[in-house]
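Please treat every number below as a calculation from the coordinates, not as lab data. Computed from a prediction, not measured in an experiment: that's the story for all the values here. A quick note on method: Cβ atoms are made from the backbone with ideal geometry, for glycine too, and the neighbour counts reach across all protein chains shown.
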Amino acid sequence: MERQGQRQDARRNREAVIEAAIELLGQNPGTSVQQIADASGVGRTTVYRHFPSRDDLIRALFERVVAESWEVTDAITSSDRPAEEILRELVPAFIELGLKFGFLSAHSDVGQPTMRGSKEVEDEPVARFLVRAQRNGEIRADLPLGWMRSLIQALAVAAVSDLLGGLLERDEAERLLGDAMADALLPR
């Protein structure tokens with residue numbers, strides 16, 4: 001029982017470090033490991049026990065992006081609604097995830113293997129939706145799945161970038177992203 005309690009503590013500590021890192025690195029990319037440790041309520045050695053290097057922590061944050069995006073998109077794409085409705089409902093979720101994790105773009109070299117690996121999973125919620133919608137004739141049949149996934153990701157990144165850069169307001173970024181995805185993916 002004591003060992004199980006230790007494992008639960010370790011999971012809680014790891015989660016606290018990840019949550020603190022998301023918040024602090026989102027505000028200041030130069031946040032130190034000590035500041036993350038302080039904000040998470042654990043010691044610096046505990047942080048290093050879970051994440052031996054800063055890159056290990058960054059990789060864990062990329063894994064969190066993937067996990068959260070799959071959870072959110074699964075809830076949206078699992079419905080039987082028309083493809084255009086689902087595409088447009090995905091937009092605020094993509095924007096929200098981009099705002100929460102946008103700071104990770106400065107670490108794309110570290111996160112690239114995680115992000116690339118997530119795009120290779122055929123059972124990922126957006127991929128399942130796209131395949132189903134293509135089969136039903138609601139999404140263009142001439143576009144390969146990998147291309148559609150990359151297109152959606154690139155459009156979402158562009159919308160969040162312009163939003164963060166002050167070039168667009170949130171409602172405009174959402175409208176433009178929804179229109180661009182619909183124009184690119186829906187049959188003509």
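At 0.36 nm per residue, minus the direct Cα-Cα distance, what do Ala182 and Ser78 gain on full extension? Give it in nm, one decimal, please.
Between Ala182 and Ser78, full extension yields 35.6 nm more.
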Could you tell me which residue out of Leu185, Gln35, Ala93 lies farthest along the dipole of the chain toward its positive end? Charges go on the beta carbon: Lys and Arg +1, Asp and Glu -1, centred on the Cα centre. Gln35
Considering just Cα atoms, how many Å³ per residue does the convex hull of the chain enclose? 133 Å³
Show me, for region 62-78, the HN-Hα J-couplings you get by feeding each phi into the Karplus relation (A = 6.51, B = -1.76, C = 1.60, θ = phi - 60°), rounded to Hz, glycine and proline as x. 5, 4, 5, 4, 4, 4, 5, 5, 5, 5, 5, 6, 5, 4, 7, 7, 6
Between Ile139 and residues 5 or more places away or on another chain, which pairs have amide H atoms under 5 Å apart, with H built 1.01 Å from N, and which residues are they? Gln134
Name the long-range amide H neighbours of Leu168: under 5 Å, sequence gap of 5 or more, or other chain; modelled H, no Pro or chain starts. Leu163
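Please tell me the relative contact order of region 61-185 in percent, rounded to the nearest whole number, where contacts are Cα pairs under 8 Å and at least six residues apart.
Computed value for region 61-185: 33 percent relative contact order.
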Please compute, for the alpha-carbon atoms of region 1-52, the extent along each of the three principal axes and give them in descending order in Å. 40, 17, 15
Relative to the chain, whose Cα atoms define the longest principal axis, helix 170-185 and its Cα axis are tilted in degrees, nearest 10, by 50 degrees
Taking Cα atoms, the helix 125-135 axis meets the longest principal axis of the chain at an angle in degrees (rounded to 10) of 10 degrees
With an 8 Å Cα cut-off and a minimum separation of 6 or more residues, compute the relative contact order for region 1-52 in percent. 35 percent
To the nearest 20 debye, what charge dipole does region 61-185 have about its Cα centre, counting +1 at the Cβ of each Lys and Arg and -1 at the Cβ of each Asp and Glu? 240 debye
